[in-house]
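Everything below concerns the one structure shown next.
The values are calculated or read from the model by the stated rules, or taken from the named source; none is laboratory data. Since this is a predicted model, take the numbers as computed values, not measurements. Please note: Cβ atoms are built from the backbone with ideal geometry, for glycine as well, and neighbour counts cover all protein chains shown. What goes into the accessible areas is simple: the full protein's heavy atoms, side chains included, and nothing from ligands, DNA or RNA. Shrake-Rupley method; radii C 1.70, N 1.55, O 1.52, S 1.80 Å.
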Amino acid sequence: MIKLLLCSLIFLSSCGKNINEDVNESLPGLEIKDGSYKGFLNPVNTRISTTVTGQAAIDKYGDDFKVYSILRNAPNRKFVQYLHTGSYCPNLQDDQNGDGYLDRFEFMEKAGPAILPLDADLSSQDLGSSFTLFGNFDYERSTSYSLMLFDLHLPDELLNDYVVKLKQEHLQLEKKVIAVYLQRVSELPIESSREVPFACGILKYEHSEPTERDNSESDLPNDDEVEPPRRHRPGPPRIPSPRPIPRPPNPEDSQYEPPSRSSSWRERLRQRWRRWRSRSTVLVP
């Protein structure tokens with residue numbers, strides 16, 4: 001009887017272990033895949049801006065967690081940015097009150113609440129919240145992934161804000177929304193919104209190998225230290241000087257030498273003509 005009970009307990013424990021393993025394997029996305037996640041930022045409220053462009057990227061390799069983002073063609077205003085839990089970028093078609101603008105509440109109803117403020121300190125939802133970006137910005141921050149997860153799993157002490165805590169084991173990045181918000185300005189007729197959605201992008205998995213940044217430019221000398229190559233520049237065309245006109249020989253000159261036989265036939269003809277002329281002047285009475 002005792003042997004039968006032991007066998008049944010061993011059988012039940014082994015079955016329970018298999019069931020738990022199957023459940024754990026069936027839960028998708030419990031562990032984030034290392035790699036680079038990138039997304040393009042496009043305008044949300046086109047009545048505010050239609051030319052804004054940008055890109056956001058998150059690199060997660062082991063315990064290293066880095067965030068990059070850039071924004072161009074933006075007005076000279078203050079901005080904040082968040083990683084959301086949803087996978088959809090809203091647009092003006094999601095405007096519920098018909099005022100022609102998409103406020104923060106209408107945006108988060110489709111994109112989900114914010115989970116990670118992309119501010120001065122990625123390891124905490126509260127620290128670094130006073131950090132703002134201005135105009136066309138270039139943002140880059142990094143932190144420990146385990147330290148960030150520890151803060152995201154802490155009890156949520158602020159239940160009335162729009163930033164929530166993490167319910168899953170890991171922070172999922174694939175197809176998640178990154179949004180840039182324009183801080184509220186008085187001329188915008190948007191109700192009950194301190195931050196106005198400005199640009200939005202969806203992260204997509206790019207590659208699994210970390211890409212090393214090209215720092216070769218820092219090893220190159222400055223332009224002032226490098227002597228530019230000398231180029232051969234052709235000068236002005238050289239004009240040959242005119243050849244002097246030879247003077248006819250003067251027989252009365254002490255340095256006069258009679259032409260040799262090797263002279264040209266023209267010179268010999270001139271000499272004969274000169275002799276004939278000298279003779280004719282003598283014979284005239």
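Here are the numbers for the structure shown:
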item: Search result, residues across region 145-163 that are within 23 Å of Ala57 (Cβ to Cβ) and either open to solvent by 40 Å² or more (accessible area, probe 1.4 Å) or assigned to a helix (DSSP H, G or I) (or both); result: Tyr145, Ser146, Leu147, Met148, Leu149, Asp151, Leu152
item: Residue check, Ser142 at pLDDT 95 or above, polar (S, T, N, Q), open to solvent by 20 Å² or more (accessible area, probe 1.4 Å) and under 21 Å from Tyr68 (Cβ atoms); result: yes
item: Every residue from region 93-130 that is part of a helix (DSSP H, G or I), charged (D, E, K, R) and open to solvent by 30 Å² or more (accessible area, probe 1.4 Å); result: Glu109, Lys110
item: Residue match in region 172-180 (condition: among the small types (Gly, Ala, Ser) and closer than 24 Å to Glu31 by Cβ); result: no
item: Restricting region 45-92 to residues that are in contact with a Lys or Arg (Cβ under 8 Å, 6 or more places away or on another chain) and of a type in the set (Gly, Ala, Ser), the residue that is most open to solvent (accessible area, probe 1.4 Å); result: Ser87
item: Pairs where the first residue, in region 153-175, is at pLDDT 90 or above and the second is open to solvent by less than 70 Å² (accessible area, probe 1.4 Å) and aromatic (Phe, Trp, Tyr), C-beta under 7 Å, 6+ apart; result: Leu173/Tyr37; Glu174/Tyr37; Glu174/Tyr205
